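Read through the structure below, which is laid out as structure tokens, and then see the notes.
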Amino acid sequence: MSSRSADNAAPVADWPTIPTSAVNAAPIRIAALFMLCLFAFFGQLDAVANRLSGGSPVSLLEIIIGGLGAAVLLAVIIGRETPAQASGSVGIRLVLLVPLWAIVCWTLSEHQSEGLKYLSHFATAVLPACTVFLIVDKPWKIHAVLWAMIAAAGLSAAIVIIEAKTGTRLVATALAAVSADFDGVARSSGGSDQNPTTAAQMLMVGVVLAMGLLFAGEKRGRLMFAGVLLVGSAALALMSARSAIMGLGVGGGLVLLGFRSRSYFPVIVAGAVIVGATAILFAPPTLIERFAAIGDFGKDQTLYRRITYLRIGADLIGGSPIWGVGPGNFPLHYIQDAYRYMPGRELYPRELHNTYVDVATEYGLVGFAIFAALIVTALKAARRGFEKGASALLASGSYAVAITLAALLVACFFMPHKDLRYLWLLFALAIQCGRLRAGEEAQA
């Protein structure tokens with residue numbers, strides 16, 4: 001984090017063409033933060049963004065990412081900031097190292113055209129996340145981004161509930177979003193054009209963030225947090241996404257553990273059991289059937305596919321253990337004739353539905369080690385942000401980020417989300433929480 005603010009940064013003599021004495025970088029930094037919040041908001045509501053951009057060749061989300069990059073670059077140039085302090089630099093290097101290693105793997109891959117498409121999409125997740133390190137330099141800015149993600153979750157949850165009750169599609173138009181079903185029952189993707197499971201996991205992120213801020217004692221916005229928690233939980237049940245429900249359970253369990261030292265902890269546990277039992281009684285039949293189908297290959301044919309994904313991934317890792325098959329290459333290896341007789345294997349390209357095996361398959365074991373180091377570093381940084389002595393605003397934000405990142409990492413066991421925008425945004429926010437805490441300690 002900068003040792004002096006961009007507002008008071010002195011002009012540099014070797015750049016005489018930039019009138020730094022006459023221009024204040026603070027408004028530009030606020031504009032950059034606003035663009036980052038828009039990215040966090042429409043990252044989940046991409047179907048809404050696509051509707052707003054209409055037939056434009058450039059989507060609204062791409063325009064927001066471009067504007068964010070331009071605002072951050074302009075703020076850095078005008079602000080003329082001093083080098084950031086060393087604290088947290090390991091996490092930043094790991095964030096940068098993952099895409100750099102992915103590029104190395106791409107140069108060695110068999111299907112480079114597909115890999116290039118993947119890398120272009122990957123950049124829309126990593127680059128906005130990197131701007132967090134440059135502009136989110138105060139705890140209230142952490143909260144601004146979190147509020148944007150929570151607000152998006154509230155709107156997406158409302159869309160899910162309306163669609164479930166009316167049987168219509170309000171905003172989603174992509175085939176992946178409108179064609180998914182289970183046992184003949186259509187599944188809503190809310191405000192996203194992603195498949196319903198991915199949309200549900202993004203919704204889960206906003207719901208767990210709201211839960212974290214609510215139980216961390218955040219006073220402002222408590223009604224909104226409680227509303228998003230209730231409405232979002234109901235929407236997740238209607239979306240029938242098992243991985244998102246598991247992630248929500250992990251988030252709730254971590255919140256519950258936070259009260260283990262309290263004398264009334266047994267009462268809280270009893271209340272949680274009652275709430276859980278009540279939720280099961282009133283849960284939609286489709287959700288119950290999906291959980292009941294776990295282990296029943298006759299009822300849930302996707303179980304065959306998931307095992308086949310893992311078997312093919314393990315075989316590909318054995319063939320190229322160092323740098324993998326390359327980013328975005330697994331789907332094309334999946335349809336090779338060598339795997340045509342595997343149970344559940346389909347005739348069209350499919351992604352490997354496990355983020356961690358997917359990383360090892362496409363980035364190799366070296367890439368997997370870097371990715372694992374990033375996970376550990378981010379969780380430790382977020383944990384540091386709410387240690388004793390942290391400011392109240394930073395502590396609540398760090399706590400919410402920590403439990404949400406943990407919940408999403410659990411959900412990632414069931415989806416190929418190594419390029420998910422919310423995952424990288426949470427990585428960056430977690431690392432920045434630790435950096436802000438280091439800044440508070442230095443000032444103390």
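The values are calculated or read from the model by the stated rules, or taken from the named source; none is laboratory data. This structure is a prediction, so every number in the text was calculated from the model and none was measured. Don't worry about glycine lacking a Cβ; one is built from the backbone with ideal geometry, like all the others, and counts go over all protein chains shown.
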Hey, can you tell me all the residues within the range 104-162 that are more than 30 Å from residue 219 (Cβ to Cβ) and under 18 Å from the mean Cα position of the chain (by Cα)? 118, 119, 120, 121, 122, 123, 124, 125, 126, 127, 130
Select, from 394, 425, 374, 408, the only residue that is in a helix (DSSP H, G or I), farther than 24 Å from residue 219 by Cα and in contact with a Pro (Cβ under 9 Å, 6 or more places away or on another chain). 425
Are any of the residues in the range 242-259 surrounded by fewer than 20 Cβ atoms within 10 Å (Cβ to Cβ), of a type outside the set (Phe, Trp, Tyr) and within 23 Å of residue 162 (Cα to Cα)? yes
Under 6 Å between Cβ atoms, at least 6 apart or on separate chains: pull out the pairs that start in the range 388-409 with a residue that is on the phi < 0 side of the Ramachandran plot and end on any residue that is of a type in the set (A, V, I, L, M) and not in a helix (DSSP H, G or I). 396/216; 399/216
Quick check on the range 399-406. Is at least one of its residues surrounded by fewer than 21 Cβ atoms within 10 Å (Cβ to Cβ) and over 12 Å from the mean Cα position of the chain (by Cα)? no
Near pairs, Cβ below 6 angstrom, 6+ apart or cross-chain, from the range 93-119 (closer than 23 Å to residue 132 by Cα and touching a residue at least 60 places away in the same chain (Cβ under 8 Å)) to any residue that is in a helix (DSSP H, G or I) and of a type in the set (Gly, Ala, Ser): 94/373; 101/367
Can you tell me which of 47, 71, 102 is modelled with pLDDT of 90 or more, buried (at least 19 other Cβ atoms within 10 Å of the Cβ) and touching an Asp or Glu at 6+ places or on another chain (Cβ under 7 Å)? 47
Just one of 367, 324, 313, 318 is in contact with a Leu (Cβ under 6 Å, 6 or more places away or on another chain) and not aromatic (Phe, Trp, Tyr); which is it? 313
Evaluate the range 135-155: report whether one residue or more is among the charged types (D, E, K, R) and free of Cβ contacts under 8 Å to residues at least 40 places away in the same chain. no
Test set (1) among the small types (Gly, Ala, Ser); (2) buried (at least 23 other Cβ atoms within 10 Å of the Cβ); (3) more than 20 Å from residue 351 (Cβ to Cβ) - residue 369 fails condition number: (2)
With criteria (1) crowded, with 16+ Cβ neighbours inside 10 Å; (2) assigned to a loop (DSSP other than H, G, I, E, B); (3) touching a Pro at 6+ places or on another chain (Cβ under 8 Å), residue 308 comes up short on (2)
Could you grab me the full set of residues in the range 339-365 that are touching a helix residue (DSSP H, G or I) at 6+ places or on another chain (Cβ under 8 Å) and without any contact (Cβ under 8 Å) to a residue 40 or more places away in the chain? 339, 342, 343, 349
Taking the range 131-143 as the region of interest, how many residues are in a helix (DSSP H, G or I) and buried (at least 18 other Cβ atoms within 10 Å of the Cβ)? 9
Subset of the range 325-346, residues farther than 21 Å from residue 359 by Cβ and in a loop (DSSP other than H, G, I, E, B), comes to 340, 341, 342, 343, 344, 345, 346
Matching option when the condition is touching a Pro at 6+ places or on another chain (Cβ under 6 Å) and under 28 Å from residue 302 (Cα atoms), among 156, 233, 240, 189: 189
Please give the number of the condition residue 363 fails out of (1) assigned to a helix (DSSP H, G or I); (2) over 26 Å from the mean Cα position of the chain (by Cα); (3) not hydrophobic (A, V, I, L, M, F, W, C). (2)
Return the residues of the range 196-215 that are surrounded by fewer than 24 Cβ atoms within 10 Å (Cβ to Cβ) and over 13 Å from residue 247 (Cα atoms); say none if nothing qualifies. 214, 215
